Amino acid sequence: LRPDLKKPDPPKKCKGCRDPLIIKALEQYSQTWTKQQNNSQNFRALLRSSCDAVNNAIVTQENTPTGTKVVYDGDPKRSMVVNTAIFNTFPKRTPFSSKLWGTCAVVGNGGIMFNSTCGKRIDSAQHVIRCNLPPVEDIYLKDVGNKTDLVTANPSILVDRFGSLDRRRRPFAESMRRYNDSLMLLPAFSYTGNTVLSLRALYTIEDFEGVIRPVFVNPLYLLSMDSFWRNRGMMAKRMSTGFMMVNLALELCDDVQVYGFWPFSEHPHLAPGSAPLPNHYYDNRQWNKVLHAMPDEFLQLLGLHSQGILKLHLGQCG
Ligand code: CDP
């Protein structure tokens, strides 16, 4: 190859310098935040007309009668027909109402929550939404709080932490007590393997008389949310659970406060070159980069923050 035809070297990332994406994000973020009531209402109306979380987010006996062919949203070639046994596990009607919930805190699991001292502020929200059965033990209380009104449970956690619930199931039942009587969202119809695991979780909670309320996420709701964001340029294979929960909150709550969303290893406020942030506030297990595009989601959240539609918390609460 002639030297003058060689591809130019990519610009060298200078040691100790910030990633340009992060510089841009922090510039946009540092503007003072005020809630824009009009923008909030318009965005809620837009989401409600496209996704309708109140009536569609959860599979119910009303929206999914016996005999319905349910198509898996993560694997649309696969479907299952609802029989009486499965139908009987659905709540009669939606657990949500069109009356707005007031202030909601949506808590992502980002390492940014560690030492955030946001626990009290999170717990002061009228409704707290958490993702993927996160730890809320005393050691994390000061940073993430422990009030939980809604929590998602990805079946992969049931596999990794609770042996797929095909052996002793008491540890799972007992571990769920920490979330009190919150609503537990299981994506039972996203992939075929999720169905049996979600049913096992639901039966375990019933058999051990747990007070947490397991419900199944409606794949039609997730598909509508997916096309809503695809029309706005998001091309990831699948939205992250946290991003889905922010969308849910934007329909259900008047005021949406977002914590723990920072999918970068550079700390937003510590000097560049400081020790990298772990992915979670409790471990450094990485997210699936083939499936999700969390930085793109973050930029969307930042856009909503700039428009006064939600408030993104990146700093310490003090
Ligand atoms: O299983 P998944 O990777 O989707 O989620 P998680 O690691 O349990 O975290 C819950 C949610 O927090 C994610 O779905 C993301 O939306 C958000 N998150 C983030 O924004 N930044 C991180 N470093 C970690 C999680």
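The values are calculated or read from the model by the stated rules, or taken from the named source; none is laboratory data. Here the structure is a predicted model, which means the values were calculated and not measured. FYI the Cβ positions are ideal-geometry reconstructions off the backbone, even for glycines, and counts take in every protein chain you see. Areas reflect the complete protein model, heavy atoms only, side chains present, ligands, DNA and RNA absent. Shrake-Rupley method; radii C 1.70, N 1.55, O 1.52, S 1.80 Å.
Given H placed on each backbone N at 1.01 Å, which residues far from Arg213 in sequence or on other chains put an amide H within less than 5 Å of it?
Long-range HN contacts for Arg213: Ser182, Leu183, Met184.
Looking only at Cα atoms, what is the convex hull volume of region 228-315 per residue, in Å³?
Each residue corresponds to 116 Å³ of Cα convex hull volume.
In whole angstrom, and with the biggest value first, how far do the Cα coordinates of region 149-200 range along each principal axis?
28, 24, 15
What part of the accessible area of the chain, given as a whole %, is carbon or sulfur when the probe is 1.4 angstrom?
Ligands and nucleic acids excluded, carbon and sulfur give 52 percent.
Could you give the accessible area per residue of the chain, probe 1.4 Å, as a whole number in Å²?
50 Å²
If I take every Cα pair under 8 Å that is 6 or more residues apart in region 49-116, average their sequence separation and divide by the length, what percent do I get for the relative contact order?
34 percent
Need the full-extension length gain, Ser49 to Val81, defined as separation in residues times 0.36 nm minus the C-alpha distance. One decimal, nm.
This chain segment gains 8.8 nm when fully extended.
Taking the 0 to 90 degree range and rounding to the nearest ten, how far is the long axis of helix 294-306 tilted relative to the main principal axis of the chain, both from C-alpha atoms?
Between the helix axis and the principal axis of the chain, the angle is about 80 degrees.
Run the numbers on the chain and let me know its relative contact order in percent, using alpha-carbon pairs under 8 Å that are six or more apart.
RCO, the chain: 26 percent.
Distances longer than 14 Å among the Cα atoms of region 256-301: what percent of all pairs is that?
Result: 58 percent of Cα pairs exceed 14 Å.
According to the square roots a ≥ b ≥ c of the eigenvalues of the Cα gyration tensor, what is the shape class of region 116-247, taking rounded for a/c under 1.5, prolate for a/b larger than b/c otherwise, and oblate for the remainder?
Oblate, because a/c is 1.5 or more while a/b does not exceed b/c.
Can you tell me the 0 to 90 degree angle between the C-alpha axis of helix 192-207 and the longest principal axis of the chain, rounded to 10?
60 degrees
Based on a Kirkwood Rh over C-alpha pairs, give the Stokes-Einstein translational diffusion coefficient of region 218-259 at 10 °C and viscosity 1.306 mPa s in µm²/s.
144 µm²/s
At what distance in angstrom do the alpha carbon centres of region 54-71 and region 236-305 lie from each other?
Between the Cα centres of region 54-71 and region 236-305 lies a distance of 30 Å.
Mind checking the full-extension length gain between Cys17 and Asn284? Use 0.36 nm per residue of separation minus the Cα-Cα distance, one decimal, nm.
Net length gain for the segment: 93.8 nm.
Which entries of Lys77/Lys237; Lys99/Lys120; Lys24/Lys142 have Cα-Cα distances beyond 19 Å here?
Correct reply: Lys99/Lys120; Lys24/Lys142.
Relative to the longest principal Cα axis of the chain, at what angle does helix 37-50 sit, 0 to 90 degrees, rounded to 10?
Orientation of helix 37-50: about 50 degrees from the principal axis.
Give a quick list of trypsin sites (Lys or Arg not before Pro) in region 36-83 that DSSP marks as loop, anything other than H, G, I, E or B, with at most 14 other Cβ atoms within 10 Å.
Within region 36-83, the qualifying trypsin sites (Lys or Arg not before Pro) (loop, at most 14 other Cβ atoms within 10 Å) are Lys77, Arg78.
Given the C-alpha atoms of region 59-99, compute the convex hull and give its volume per residue in Å³.
Hull volume normalised by residue count: 79 Å³.
For a quick check of your reading of the filter: which chymotrypsin sites (Phe, Trp or Tyr not before Pro) in region 168-274 sit in a DSSP loop and have no more than 14 other Cβ atoms within 10 Å?
Phe208
Cα-based Rg (one decimal) and Dmax (whole number) for the chain, in Å?
Final numbers for Rg and Dmax: 20.6, 74 Å.
Compute the length gained on full extension between Asp207 and Ser124: take 0.36 nm times their separation in residues and subtract their Cα-Cα distance, giving the result in nm to one decimal.
Result: 26.6 nm gained on full extension.
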